[in-house]
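Only one structure is covered here, and it is reproduced in the block below.
The values are calculated or read from the model by the stated rules, or taken from the named source; none is laboratory data. Keep in mind it's a predicted model, so treat the numbers as computed, not measured. Here the Cβ positions follow ideal geometry from the backbone for every residue, glycine too, while neighbour counts run over all protein chains shown. Ligands, DNA and RNA are excluded from the accessible area calculation, which covers all protein heavy atoms including side chains. Shrake-Rupley method; radii C 1.70, N 1.55, O 1.52, S 1.80 Å.
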Amino acid sequence: MSDRSLSSLAGMSIVVRREFASYFATPIAYVFILIFLILAGVFTFYIGNFYERGQADLAPFFSFHPWLYLFLVPAVSMRLWSEERKSGSIELLMTLPLTRLDVVVGKFLAAWLFTGLALSLTFPMWITVNYLGDPDNGIILASYVGSWMMAGGFLAIGSATSALSKSQVIAFILCGLLCLMFILAGFPMVVGVFKDWLPAVMVDTLASLSFLTHFSSISKGVLSMRDVIYFLAMIIAWLMATMIIVDLKQGE
Amino acid sequence: MIEISHLRKQFGDHVAVNDISFSVAPGEILGFLGPNGAGKSTTMKVITGFLPPTAGTVKVWGSDIESDTLTAQRHIGYLPEGAPCYEEMTPRGFLEFIARVRGFKGSEVAERISVVVDRLSLTAVLDQRIETLSKGFKRRVGLAQAILHDPDVLILDEPTDGLDPNQKHEVREMIRGLSRDKIVIISTHILEEVTAVCTRAVIIASGQIVADCTPEELEARSRYHGAITVRAVHDVDVPAISAFLEGLAGVAGIEQSGREITAIPRDARLEILPDVMAAVSQQTWPVAGVYQERGRLDEVFRTITEGQQHV
């Protein structure tokens, strides 16, 4: 039997495959992708004034991504753990010879790949802008990478909130609230409020924790190591939180 | 070999399992009995590594479930209570996932699946979504998952709960059909199941072991063990038969329901059947039937779990 032991990577990839496929087992995945594409288009063309700006870039498209993710990412992440706990399949999953790390990271990666797929399906936007003008494709690529990293940050938060509750609705709302806080922390209005009664160091720290601060520099085409590390650190921190929550909840 | 030593599991202030110790050797089919809430499921969840023990140790085939969880889990096939699985998947997809997690690769995956699918007659529903299947099929998918890697240890939490008599029979046949060098632990509150499949019965109540013996020994504890029931043909004969049975030397008392009169022996080792048979052939009252009871498990179960007597 001992020769049947899996390497950690193998175990993780099996979890990723199952989870990823399960998104497509129901029409939900297709509906989600459709809504994502429609909203991305609406935001870009109507609210972002894509044509009126007269510039061949995708800035209006990317600048709405934090708000788009605010509603759509919790919808992807809410089922990650809540459903397992509700149906009891978590007992099966956790008694299979897989490490906790395999499962937590595997589930997250599947969700991340899924949002990556949805994001990559916005490619007609990129074709349009290249047809209309001569954009800096380097910036666009950097923005895509940045957007995906940000989605990862949101998803990791969602994974932790999903582990907290059996109810997908509660997981959705909690994730939405947390994500909103992480967006707003860098909003000029919020920063302004805190400026009056918090020391500058704390205001800066708060603002530097914001998704918006890091994403806006990325969407301007500056894919700095600092921002990438920020999102990776967010992902790792929230996945560690997920592991702890899963552990605690299991003992109940 | 499973060795459970001084196992204790506490949830907050509530002690679910309190200092349980027992070992199970290969070849044993152990029936794990107890009232609801006695700690059966909790014990199984600890053995399979789902819940960490509060104190004590569990060793599965020599591997400690806490320090060497994965090695221990590789030996175990587990059917959790209610047979949960991924309902949006098809049995084929689900079993493929399990096979890969269990370390099978390439053509082995299909081979293992075809073995368990044959064994549990799942061919017809292999490509149907699990959520659309009947309870019996869902349970079989759960069982298929548990036996897929031909585990040394099979742990089944109420495998026949909610199944119809035919399905129960099938599940029992499958368990009996497992090879002799395996360990099977079945939790149940269906007592007939213990006599039907188990070689050993462990009864727990309030988190403690209150009996650990063979099903036959359990039956022998019944006050009905060795009891003789005589069924009269005519109602008018009932008083006469009752009086006769009550007068026999080895009889402690009689019980009557309808035309059936049961004589309970003073001591199970006293054979009262010959006396009864002799009397039946000599007496004038006709008798529709005479039979001897092996013991009533439900009565033993009640006495043991309600009285909390330690044996």
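For the pair B:His169 and A:Val42, label points projected 7 Å from Cα toward Cβ lie 6.0 nm apart. When the surface is traced with a 1.4 Å probe over the full set of protein chains, A:Thr205 keeps roughly 70 Å² accessible. Across peptide B:96-105, the average count of Cβ atoms from other chains found within 10 Å of a residue's Cβ is 6. Ordered from highest to lowest accessible area with the whole protein assembly present and a 1.4 Å probe, A:Ile244, B:Ile130 read as A:Ile244, B:Ile130. Per residue of B:146-157, other chain Cβ atoms within 10 Å of the residue Cβ number 1 on average. In the structure shown, the pairs B:Lys9/B:Lys59; A:Lys107/B:Lys138; B:Lys138/B:Lys182 are assessed against 19 Å; a Cα-Cα span above that value is assigned to A:Lys107/B:Lys138; B:Lys138/B:Lys182. The mean number of partner chain beta-carbon atoms within 10 angstrom of a residue's beta-carbon across peptide B:44-56 is 3. The range B:37-97 and the range A:175-229 have Cα centres lying 44 Å from one another.
Springs between Cα atoms under 10 Å define the GNM used for chain B, and in it the highest mean-square fluctuation of B:Ile264, B:Ile76, B:Ile185 occurs at B:Ile264. Sort the range A:120-252 into rounded, prolate or oblate with this rule: let a ≥ b ≥ c be the square roots of the eigenvalues of the Cα gyration tensor; rounded if a/c is under 1.5, and if a/c is not under 1.5, prolate when a/b is larger than b/c, oblate otherwise. Oblate. Relative contact order, whole percent, for chain B stands at 19, derived from Cα pairs under 8 Å and 6 or more residues apart. Computed over chain A with a Gaussian network model linking Cα atoms closer than 10 Å, the most mobile of A:Leu132, A:Leu174, A:Leu164 is A:Leu132. Remark: the range B:201-311 carries a charge dipole of roughly 40 debye about the Cα centre, counting +1 on each Lys and Arg Cβ and -1 on each Asp and Glu Cβ. Of the residues B:Met277, A:Met149, ranked by 1.4 Å probe accessible area with the largest first, the sequence reads B:Met277, A:Met149.
Per the helix-only calculation at 222 nm, which mean residue ellipticity applies to chain A, given -39500 (n - 2.57) for every DSSP H run of n ≥ 4 and division by its residues, nearest 500 deg cm²/dmol? Working shown, then result.
Values: 14 runs with 195 residues, N = 252.
My calculation for chain A gives -25000 deg cm²/dmol from helical runs alone.
A straight chain from B:His189 to B:Gln256 at 0.36 nm per residue would run longer than the Cα-Cα distance by 21.3 nm.
Of B:Tyr86, B:Tyr291, A:Tyr30, A:Tyr46, the order by accessible heavy-atom surface (1.4 Å probe, DNA, RNA and ligands excluded), from most exposed downward, is A:Tyr46, A:Tyr30, B:Tyr291, B:Tyr86.
For chain B, the residue among B:Ile147, B:Ser23, B:Ile186 whose Cα projects farthest onto the positive side of the dipole built from Cβ charges is B:Ile147. Say the cut-off is 27 Å between C-alpha atoms; which of A:Lys86/B:Lys135; A:Lys249/B:Lys40; A:Lys249/B:Lys105 go over it? Beyond 27 Å: A:Lys249/B:Lys105.
Each of B:Ser114 and A:Trp197 was given a label point 7 Å from its Cα along the Cα-to-Cβ line. The distance between the two points is 7.4 nm. The packing ranking, built from the mean of other Cβ atoms within 10 Å per residue, places the peptides B:107-114, B:293-300, B:140-147 in the order B:140-147, B:293-300, B:107-114, highest first. FRET efficiency for the pair B:Phe11 and B:Leu126, taken as 1/(1 + (r/R0)^6) with r the Cβ-Cβ distance and R0 = 41 Å, rounds to 0.55.
Considering only B:Pro52, B:Pro215, B:Pro84, the Gaussian network model of chain B with Cα springs below 10 Å gives its largest mean-square fluctuation to B:Pro84.
Dipole size in debye (nearest 20) for the protein assembly as shown around its Cα centre, Lys and Arg Cβ +1, Asp and Glu Cβ -1? Kindly include the intermediate steps, with their values, before the conclusion.
Details: 46 positive and 58 negative charges, 228 e Å.
Magnitude of the dipole: close to 1100 debye.
Expressed as a rounded percentage, what relative contact order does the range A:3-249 have, with Cα pairs under 8 Å and six or more residues apart? Relative CO of the range A:3-249 lands at 26 percent. What does the C-alpha gyration tensor say about the overall shape of the range A:38-100? Classify as rounded when a/c is under 1.5, otherwise prolate if a/b is larger than b/c, or oblate. Judged from the Cα gyration tensor, the range A:38-100 comes out prolate (a/c at least 1.5, a/b above b/c).
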